[in-house]
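Structure first, then comments.
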Amino acid sequence: MKRYLLTASAAALVLAGTAGFASARDQIQIAGSSTVLPYAKIVAEQFGETFTNFKTPVVESGGSGAGIKEFCKGVGENTIDIANSSRAIKKDEVQSCIDAGVKEIQEVRIGYDGIVFATDINGPDWALTPEDVYKALAAKIAVDGKLVDNPNTKWNQVNPNLPDWDIAAYIPGEKHGTREVFEEKLLIAGCKALGGVEAGTASGLDDKAAEAACKAVRKDGKAVDIDGDYTETLARIASNKTGVGVFGLAFYENNADKLKVATVGGISPSVETIAKGEYPVSRPLYFYVKKAHLGVVPGLKEYVDFFLDDQMVGPDSPLAEYGLVAAPDAERAAQREAFDAGKSM
């Protein structure tokens, strides 16, 4: 589809439905995922250049959870219109929205991203598995069928093929959507592979508590939560050349002159391996639209349509050039159709 970028004549669209709080706010407000942030900024800037009768949307970060929390505060001029997220909204978050009057939410999936481990560019090659990550960073690990406090202090204690470096990992803080993918696809996956769930239940935990134990991160300074964006993680690596950071694929690719990426399960992270489903630590990226604000906040519907256009999210788009893994053609078309149909969650 080529509905917007070929011409700026679409900017002549007549605004409708600007009554109510739109008279007090005429600029789209967006917040949320630091992973989605650069993509949304690219779209917002191009949207502002194309639609000269709409102001350029304001896009802020803060993390997926924080963005959704802000989104769910209610409807009106003092609430944001869109929440960016690097994971799907949770049932309890949807209920929180409903309780606050946000009764209709439209989910938009924009494409895919991968989570990578990277070290300083001058470091050795790294090859990790979920089991390695679990043994290095979990608070308790399974040893001989029992959960014990993590005794590992160096990476080569986790796996003799890894460097003789003190374990120092800079991981996404708990408010970031990346953290949940990190927990599910690395800590929990590694824990299950090494019998951690069975060890937990053998100690008297129920299944839910045993899984929670799998993803509990050690608090002895070996794993450091990063609540800011990836630039903070990059700064940590710059000051600690034997540190390991967790990044989104796009951020890594845009800083490949400073970072060396690890394989996971023998697969190197790339647009190609993620698109084929080969790289094990990948996830879809989303944003959520407050349906009550459509037709009220000037340009909101046009912004979403613009974002979903193939020239923004297709395989040859500026977002793909930046690092977004484009969804298959049929999936992109289905996202447009669902939004146009007003389909809510």
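The values are calculated or read from the model by the stated rules, or taken from the named source; none is laboratory data. Keep in mind that what you see is a predicted model, and the values were worked out from it rather than measured. When we count neighbours, we look across all protein chains shown, and the Cβ atoms used for this are built from the backbone with ideal geometry, even at glycine. These accessible areas exclude ligands, DNA and RNA; they are computed on the full protein's heavy atoms, side chains included. Shrake-Rupley method; radii C 1.70, N 1.55, O 1.52, S 1.80 Å.
For (1) open to solvent by less than 40 Å² (accessible area, probe 1.4 Å); (2) closer than 16 Å to Pro57 by Cβ; (3) among the hydrophobic types (A, V, I, L, M, F, W, C), each residue gets a yes or a no:
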residue	(1), (2), (3)
Tyr303	yes, yes, no
Phe306	yes, yes, yes
Asp309	yes, yes, no
Pro315	no, no, no
Ala320	yes, no, yes
Gly323	yes, no, no
Ala333	yes, no, yes
Glu337	no, no, no
Met345	no, no, yes
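How many residues does the stretch 120-129 hold that are open to solvent by 10 Å² or more (accessible area, probe 1.4 Å) and closer than 24 Å to Leu194 by Cα?
3
Are any residues in the stretch 57-82 over 15 Å from Gly177 (Cα atoms), open to solvent by less than 60 Å² (accessible area, probe 1.4 Å) and among the β-branched types (Val, Ile, Thr), and if so, which ones?
Val58, Val59, Thr79, Ile80, Ile82 - these are the residues of the stretch 57-82 that are over 15 Å from Gly177 (Cα atoms), open to solvent by less than 60 Å² (accessible area, probe 1.4 Å) and among the β-branched types (Val, Ile, Thr).
Please work out which one of (1) over 21 Å from the mean Cα position of the chain (by Cα); (2) closer than 20 Å to Val58 by Cβ is the condition Thr242 fails and give its number.
(2)
Which of the following residues is under 16 Å from the mean Cα position of the chain (by Cα), open to solvent by 40 Å² or more (accessible area, probe 1.4 Å) and not hydrophobic (A, V, I, L, M, F, W, C): Asp257, Asp220, Asp207, Asp227?
Asp227
Which ones in the stretch 260-282 are charged (D, E, K, R) and surrounded by 23 or more Cβ atoms within 10 Å (Cβ to Cβ)?
Matches in the stretch 260-282: none.
Please specify each residue of the stretch 30-55 satisfying the condition of being of a type in the set (Phe, Trp, Tyr) and either within 24 Å of Gly76 (Cβ to Cβ) or in contact with a Pro (Cβ under 7 Å, 6 or more places away or on another chain) (or both).
Phe47, Phe51, Phe54
When the residues of the stretch 314-345 are filtered to those that are in a helix (DSSP H, G or I) and acidic (Asp, Glu), which remaining residue is farthest from Ala31 (Cα to Cα)?
Ranking the candidates gives Asp329 first.
How many residues does the stretch 130-149 contain that are more than 14 Å from Lys185 (Cα to Cα) and open to solvent by less than 20 Å² (accessible area, probe 1.4 Å)?
2
Pairs needed: first member in the stretch 119-143, farther than 19 Å from Lys219 by Cα; second member anywhere, of a type in the set (Asp, Glu) and in a loop (DSSP other than H, G, I, E, B); C-beta distance under 7 Å; at least 6 residues apart or different chains.
Close Cβ pairs (under 7 Å, with a partner that is of a type in the set (Asp, Glu) and in a loop (DSSP other than H, G, I, E, B)) amount to Ile121/Asp257.
The rows are residues; the columns are (1) surrounded by 20 or more Cβ atoms within 10 Å (Cβ to Cβ); (2) part of a helix (DSSP H, G or I).
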residue	(1), (2)
Ala238	no, yes
Thr242	no, no
Phe251	yes, yes
Tyr288	yes, no
Met312	yes, yes
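Yes or no, residue by residue, for (1) hydrophobic (A, V, I, L, M, F, W, C); (2) more than 25 Å from the chain's Cα centre (by Cα); (3) closer than 28 Å to Thr35 by Cβ:
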{"residue": "Trp126", "(1), (2), (3)": "yes, no, yes"}
{"residue": "Lys135", "(1), (2), (3)": "no, no, yes"}
{"residue": "Gln157", "(1), (2), (3)": "no, yes, no"}
{"residue": "Ala168", "(1), (2), (3)": "yes, no, yes"}
{"residue": "Leu187", "(1), (2), (3)": "yes, no, yes"}
{"residue": "Lys192", "(1), (2), (3)": "no, no, yes"}
{"residue": "Ala199", "(1), (2), (3)": "yes, yes, no"}
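Any residue at all in the stretch 160-177 that's touching a helix residue (DSSP H, G or I) at 6+ places or on another chain (Cβ under 6 Å), over 28 Å from Leu285 (Cα atoms), surrounded by 22 or more Cβ atoms within 10 Å (Cβ to Cβ) and in contact (Cβ under 8 Å) with a residue 24 or more places away in the chain?
Within the stretch 160-177, one or more residues are touching a helix residue (DSSP H, G or I) at 6+ places or on another chain (Cβ under 6 Å), over 28 Å from Leu285 (Cα atoms), surrounded by 22 or more Cβ atoms within 10 Å (Cβ to Cβ) and in contact (Cβ under 8 Å) with a residue 24 or more places away in the chain.
Just for the stretch 83-119: of the residues that are crowded, with 19+ Cβ neighbours inside 10 Å and of a type in the set (Asp, Glu), which one is modelled with the highest pLDDT?
Filtering first and then ranking leaves Glu93.
Between a first residue in the stretch 276-297 that is at pLDDT below 95 and a second residue that is of a type in the set (Ser, Thr, Tyr), which pairs have beta carbons less than 6 Å apart while being 6 or more apart in sequence or on different chains?
Once the first residue is at pLDDT below 95 and sits in the stretch 276-297, its partners that are of a type in the set (Ser, Thr, Tyr) give Tyr279/Thr273; Ser282/Tyr112; Pro284/Tyr112; Leu285/Ser86.
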